[in-house]
Every structure is written in C-alpha cells, then in structure tokens.
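K.L.:
Mind having a look at this structure? Questions to follow.
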Amino acid sequence: MKISRITLTPIQTHRRTGSISSHLILQMHTDEGITGLGEISDLDCYRMYMPDVEAVRVGIEKIVLGRDPFAIQAMHNEMEKYLHNYFASAPSYPPFTPASQIAAGIDMACFDIVGRALDTPVYNLLGGKCRDAMEICYPLFQVKAEADYERNLGYIEELTAQGITRFRYYVGVDFAKDEKFLGAVRDRFGDNVILKALDFQARHYWKDSLRAYERLKQFGFELIESPSWREDFEGMAEIRRRVEVDVAEHCSSAAQAMQLLRAGAVDIFNITVNSGGLLQVKKLMALAEIAGIRVLIGTTQELSIGSAAHVHLGASVPELHSASDTVGPLLYVEDVVKERVRFEGNRLVVPDGPGLGVELDEDALENLRAPLVEWDRAAHGAGYVSD
C-alpha cells in the first residue's frame with residue numbers, strides 16, 4: 001500500500017463561547033482505496049503567523065507521497081528533516097507548534113489508514129485497550145467583565161444538566177474577579193461541581209501564582225497547571241514544594257520532560273497528541289511511567305477526528321491519574337464527522353470502529369470550508385470572547 005494523494009481543507013467552527021476556531025482537515029488517500037483522516041486543530045493561537053494552506057499541502061505531499069502508511073516511524077524520521085521544531089525541542093506553553101501539529105495530523109491519518117486496513121481500532125496499534133472511556137473535564141474561560149459571571153454560571157448550569165460536573169478554570173486576568181466567580185460557583189452548585197484545576201497558562205511569576213493559590217484554595221481543586229513563566233522550572237519546583245495540590249505542566253518534548261524531571265518541577269505531565277502525533281507522545285507516556293510521574297491527556301480543543309486520536313491514546317496507557325481535557329466536540333457547535341465521538345457524563349467513550357472510529361461527513365466539511373484567517377472575526381484568547 002502507498003499514499004497516493006492528500007486533500008487538505010481549511011474550515012472554521014463556532015464555539016459555545018461565541019468565538020471561531022480554524023482547523024485543517026487532512027484526508028490521506030492510498031492506492032488501495034483506503035483514506036485516513038487527520039486533523040490540524042484550533043490554529044488561532046497562530047493568528048500572526050497562520051500557516052499557508054497551499055504551502056502546508058505541498059510540504060505534506062513531499063513527505064508522504066509514495067510512502068507506506070504502515071511505516072509510521074520512518075515517516076517521522078522523514079518529517080524531522082523538514083519540521084525542525086517539533087518533539088525533539090518544543091515550548092511548554094502552548095505545548096505545540098505549527099510543525100508539531102502538522103506532524104500530528106500526518107501521524108493520526110497514518111494510524112487511521114493502518115487501523116482501517118487491518119479492521120481494528122487504533123488503540124490496538126498502541127498496545128491494546130486498558131479502559132472503555134476516559135474521564136474528562138470542561139474548560140471555563142476567564143471572567144473579564146461583569147457579564148461574564150452569569151455567562152459562565154449559565155454554561156455550568158447547562159452542562160451539569162447533561163451530566164458534566166467536572167471543570168477546570170483559567171485564572172489570572174484579575175484574581176479578585178476569579179475569587180468572586182469561584183465563590184459564586186460554590187454558592188450556586190456546592191460540591192455538585194468538581195473543580196479539577198486552576199490553569200495559570202504560564203502567564204505569571206511564580207510568587208504571584210503562589211499568592212493566588214493561597215487566595216483561591218478555599219474553593220477546593222485538585223491541581224494547578226502552568227503556574228510559572230514558560231521554562232521557569234525552578235519557579236515551578238518552588239511552588240510544588242509549597243502547595244498541597246499536584247502541579248501539572250505541559251510536556252511536549254523529550255528534552256523538556258528531562259528538564260522537568262531534573263528540576264523536580266511537576267507531579268503530572270500534561271501530554272497532547274498535538275505535540276507530534278500518537279507515536280511520539282506515546283514515548284512521553286512511557287517516560288512518565290518509568291519516572292513515576294502522573295499523566296493526563298491535554299488538548300488544544302479538537303474536533304471529533306483529533307478527539308478520537310486523543311481518546312485512543314488515553315485508552316492504551318497503563319494509567320491516567322487525572323481527568324483529561326479533550327472536550328472539543330462538546331465545545332464546538334459544528335463538526336465534520338457523521339457521528340461525533342460520544343460523551344457519557346464526565347467520560348469520553350473510546351470508539352470501537354476500525355482506525356480512529358469516525359467517518360467524515362463530506363457535506364459538513366464543504367459547508368464549513370473557510371479561510372484560516374479573517375482578521376475581523378471573533379478570535380479567542382484561551383477560547384474566549386468577552387462583551
């Protein structure tokens with residue numbers, strides 16, 4: 001079997017919050033009639049240097065055309081010649097680059113082809129299934145304005161009615177507003193709402209994050225994430241020594257993993273498929289297991305194709321120690337598949353179909369086709385638009 005052609009489609013989808021996200025949907029065709037699906041997800045964090053669709057298409061073709069989709073490691077070896085800033089060395093926040101996300105799209109499309117060819121789910125290609133579903137939590141974006149209190153509380157009301165009761169909250173635009181909002185959450189919902197994490201997004205000096213932790217810990221949460229400036233491993237380690245909850249950080253490369261381990265900076269690696277693909281991040285999972293570090297599955301909020309890749313990864317690892325962040329199909333109003341990946345309360349169910357277990361809806365894909373960049377449309381900072 002050889003890869004014979006690719007199709008790359010730029011699309012836009014709306015979030016519940018009112019913002020719009022851009023994605024690239026990859027179809028990887030073979031000479032045996034099997035097509036694999038990949039996704040380059042939620043690209044708006046690159047608005048100032050958004051990738052050029054035609055250039056990406058030509059680059060992917062240079063890497064994959066004529067190659068055996070079963071030879072995934074060899075494909076990664078080839079990608080390393082052209083995509084220099086992924087996996088071997090990558091930033092902690094965000095835990096991906098355009099290069100690493102392109103690599104992830106190619107990787108998941110290859111795994112989808114192999115699974116379809118062998119009539120088996122991707123999790124069987126990653127070591128087999130350890131669980132039928134992955135625990136998840138839903139993101140709550142920052143309170144920035146007065147209207148945001150009721151807006152966010154309304155989201156929680158809607159989601160708890162669907163059985164989704166676990167959340168993580170982005171803090172740090174205004175810690176006083178954060179305190180007021182989290183107090184309102186506890187007043188209205190009590191212990192019926194689980195707060196998994198406060199996410200500082202690597203935007204603060206570690207002492208400021210520590211002061212905020214002391215101020216907000218009364219509301220009860222399981223961990224804090226990205227509590228110091230990116231690559232400030234010493235600051236993270238100092239916070240870890242002083243707090244009672246676990247500290248998590250995005251881990252996107254082998255080099256970064258070793259730095260986090262040597263500094264004693266974290267309890268949990270947050271690992272996302274977007275950091276280079278299933279094959280690569282499975283190595284980070286193995287490193288965490290050997291080093292005694294806990295793991296959770298991260299996200300940039302994918303549609304159902306990318307979410308399926310994440311939950312196959314989650315199904316295949318020995319243990320997941322904290323709820324994962326993959327909830328894009330709940331967050332987005334539209335999707336590109338015939339049936340979205342399925343959620344049952346606080347759990348994302350692992351698809352059992354061949355490959356990734358999702359089927360492309362060609363009509364939906366065409367309806368969502370749009371340029372990657374439109375400067376006057378509503379963009380998101382951490383997925384959020386405020387009035």
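K.L.:
Does the stretch 68-94 hold any residues that are of a type outside the set (A, V, I, L, M) and either under 11 Å from residue 107 (Cβ atoms) or modelled with pLDDT of 90 or more (or both), and which are they?
P.N.:
Passing the criteria: 68, 69, 70, 73, 76, 77, 78, 86, 87.
K.L.:
Ok, one more. Would it be correct to say that residue 113 is of a type outside the set (Phe, Trp, Tyr), open to solvent by 20 Å² or more (accessible area, probe 1.4 Å) and in contact with a strand residue (DSSP E or B) (Cβ under 7 Å, 6 or more places away or on another chain)?
P.N.:
no
K.L.:
While we're on this one: Do any helices (runs of 4 or more DSSP H) lying entirely in the stretch 49-148 carry at least 1 residues that are touching a Ser or Thr at 6+ places or on another chain (Cβ under 7 Å) and not aromatic (Phe, Trp, Tyr), and which ones are they?
P.N.:
Numbers: elements: 53-64, 72-82, 98-118, 122-125.
Once the helices (runs of 4 or more DSSP H) in the stretch 49-148 are filtered for at least 1 residues that are touching a Ser or Thr at 6+ places or on another chain (Cβ under 7 Å) and not aromatic (Phe, Trp, Tyr), what remains is 98-118.
K.L.:
Okay, moving on. Would it be correct to say that residue 155 is assigned to a helix (DSSP H, G or I), over 17 Å from residue 323 (Cβ atoms), touching a strand residue (DSSP E or B) at 6+ places or on another chain (Cβ under 8 Å) and not polar (S, T, N, Q)?
P.N.:
yes
Rundown of residues vs (1) in contact with an Asp or Glu (Cβ under 9 Å, 6 or more places away or on another chain); (2) in contact (Cβ under 8 Å) with a residue 40 or more places away in the chain; (3) open to solvent by 30 Å² or more (accessible area, probe 1.4 Å); (4) over 22 Å from residue 42 (Cα atoms), yes/no style:
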residue	(1), (2), (3), (4)
197	yes, yes, no, no
244	no, no, yes, yes
279	yes, yes, yes, no
285	no, no, no, yes
305	yes, yes, no, no
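K.L.:
Could you tell me which residue of the stretch 335-350 is surrounded by the most Cβ atoms within 10 Å (Cβ to Cβ), considering only residues that are of a type outside the set (D, E, K, R) and farther than 13 Å from residue 307 by Cβ?
P.N.:
346
K.L.:
State whether the residues of the stretch 239-259 include one that is assigned to a helix (DSSP H, G or I), among the small types (Gly, Ala, Ser) and modelled with pLDDT of 95 or more. I'd like the intermediate steps shown before the answer.
P.N.:
Pass one, the stretch 239-259, residues assigned to a helix (DSSP H, G or I): 239-242, 254-259.
If we keep only those that are among the small types (Gly, Ala, Ser) too, we end up with 254-255, 257.
Keeping just the survivors that are modelled with pLDDT of 95 or more gives none.
No, because not a single residue in the stretch 239-259 is assigned to a helix (DSSP H, G or I), among the small types (Gly, Ala, Ser) and modelled with pLDDT of 95 or more.
K.L.:
Looking at (1) modelled with pLDDT of 95 or more; (2) assigned to a loop (DSSP other than H, G, I, E, B); (3) surrounded by fewer than 24 Cβ atoms within 10 Å (Cβ to Cβ); (4) among the charged types (D, E, K, R), find the lone condition where residue 319 falls short.
P.N.:
Status for residue 319: all satisfied but (1).
One line per residue, one yes/no per condition, for (1) outside any helix (DSSP H, G or I); (2) open to solvent by 10 Å² or more (accessible area, probe 1.4 Å); (3) polar (S, T, N, Q):
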residue	(1), (2), (3)
172	yes, yes, no
176	no, yes, no
179	no, yes, no
191	no, yes, no
202	yes, yes, no
212	no, no, no
218	no, yes, yes
227	yes, no, no
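K.L.:
Could you list, in sequence order, the residues of the stretch 52-83 that are farther than 19 Å from residue 113 by Cα and among the small types (Gly, Ala, Ser)?
P.N.:
55, 59
K.L.:
Still on this structure, please answer the following. Checking the structure you have, find out if any residue of the stretch 110-127 is touching a Pro at 6+ places or on another chain (Cβ under 7 Å), more than 18 Å from residue 282 (Cα to Cα), of a type in the set (D, E, K, R) and at pLDDT 95 or above.
P.N.:
Yes: one or more hits.
K.L.:
Of the residues 40, 6, 11, which is of a type in the set (Val, Ile, Thr) and either at pLDDT below 95 or within 16 Å of the chain's Cα centre (by Cα) (or both)?
P.N.:
Result of the check over 40, 6, 11: 40.
K.L.:
Name the residues in the stretch 13-70 that are within 12 Å of residue 102 (Cβ to Cβ), surrounded by fewer than 19 Cβ atoms within 10 Å (Cβ to Cβ) and in contact (Cβ under 8 Å) with a residue 60 or more places away in the chain, would you?
P.N.:
If the condition is that a residue be within 12 Å of residue 102 (Cβ to Cβ), surrounded by fewer than 19 Cβ atoms within 10 Å (Cβ to Cβ) and in contact (Cβ under 8 Å) with a residue 60 or more places away in the chain, then 53 is the only one that fits.
K.L.:
Just one of the numbered conditions (1) acidic (Asp, Glu); (2) touching a helix residue (DSSP H, G or I) at 6+ places or on another chain (Cβ under 9 Å); (3) without any contact (Cβ under 8 Å) to a residue 24 or more places away in the chain; (4) surrounded by fewer than 14 Cβ atoms within 10 Å (Cβ to Cβ) is not true of residue 78; which one?
P.N.:
Condition not satisfied by residue 78: (4).
The values are calculated or read from the model by the stated rules, or taken from the named source; none is laboratory data. Computed from a prediction, not measured in an experiment: that's the story for all the values here. All Cβ positions, even for glycine, are placed from backbone atoms using ideal geometry, and neighbour counts span all protein chains on display. Just so you know, the surface numbers come from the protein's heavy atoms only, side chains and all, with ligands and any DNA or RNA stripped out. Shrake-Rupley method; radii C 1.70, N 1.55, O 1.52, S 1.80 Å.
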